[in-house]
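A short worksheet on the structure shown next.
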Amino acid sequence: MNLYLRYFNKEILVKSADEAIGFLAGIDEINLTPELEADVREYANSDVVYPKRYKVRPRVYFIIIKTEAQSMQDFKDKKALHTSVDGTGEKERSANKVSMKLNEERQGWYEGTMDFKRVQMVPGTGKFQYRDTHFVAQLKASSPLDCYNRIVEHLKPRVDERSQFPSAKGKNFKYKFLGKAK
């Protein structure tokens, strides 16, 4: 597995931790300590695949990403993404599955549950704050996405306009098909 390193506009794709450390040593702003070297080697040799970020100074970092790309162009074209057996990425496949279910036409009664951030005034201070609010509705809809849209349309005029509604694809919206409409 190769390593992609980036610090502002300086970037490189290397095949080993030693090459990565050599790249970092060539950047004046990065203080290459023995602890940092050991941590880079440990990350390179571990099974961890998520990117790692190292602090250089407040709000300034460099990143290291493990990749199977053989060249910088392959990395930029995202040709070496972690894929499953059938060739589609796991996150991509699950997102497509959720989208397909949301758009599936199925006329009938739905129970939609939504957790959203509602803006409410605190009585003693007159200031506003976000409050987690749980809302459940049973309604007729043509699809789960239609159920979501109808709930949001119902709530928008009844709550402060700064309230935040979750995505239909997220974990804060759930639905259950109750049956065909008569």
Peptide ranges 164-171, 125-132, 49-56 listed from the most packed, as the mean C-beta count within 10 angstrom indicates: 164-171, 49-56, 125-132
Kirkwood Rh, angstrom, the stretch 113-168 [1 / mean 1/r, Cα pairs]: 12.3 Å
Given the DSSP H assignment, sum -39500 (n - 2.57) over each helix run of at least 4 residues in the chain and divide by its residue total; what's the result at 222 nm in deg cm²/dmol, nearest 500? -8500 deg cm²/dmol
Could you please tell me the mean projected area of the C-alpha convex hull for the stretch 1-67, averaged over all directions and given in square nanometres to one decimal? 4.2 nm²
Percent of alpha carbon pairs in the chain separated by more than 24 Å? 61 percent
Once the other residues with Cβ under 13 Å from the Cβ of K174 are scored (Lys, Arg +1; Asp, Glu -1), what is the net sum? +2
Nearest 0.05, what FRET efficiency do E37 and K76 give at R0 = 25 Å with Cβ-Cβ as r? 0.35
Kindly rank 134-140, 111-117 from highest to lowest mean number of other beta carbons found within 10 Å of each residue. 111-117, 134-140
Quick one: accessible area per residue over the chain, 1.4 Å probe, rounded to a whole number of Å²? 69 Å²
If the label point sits 7 Å along Cα→Cβ of K55, residues of the stretch 23-46 with amide N under 15 Å come out as 31, 36
Place the peptides 63-69, 27-33 in order of packing, highest mean first, counting for every residue the other Cβ atoms within 10 Å and averaging per peptide. 63-69, 27-33
Would you mind getting me the FRET efficiency between V122 and N149? Use the beta-carbon distance for r and R0 = 35 Å, nearest 0.05. 0.70
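The values are calculated or read from the model by the stated rules, or taken from the named source; none is laboratory data. If you're wondering where the values come from, they're calculated on a predicted model, not measured in any experiment. Quick reminder, even Gly has a Cβ in these numbers, built from the backbone with ideal geometry, and neighbours come from all protein chains shown. Just so you know, the surface numbers come from the protein's heavy atoms only, side chains and all, with ligands and any DNA or RNA stripped out. Shrake-Rupley method; radii C 1.70, N 1.55, O 1.52, S 1.80 Å.
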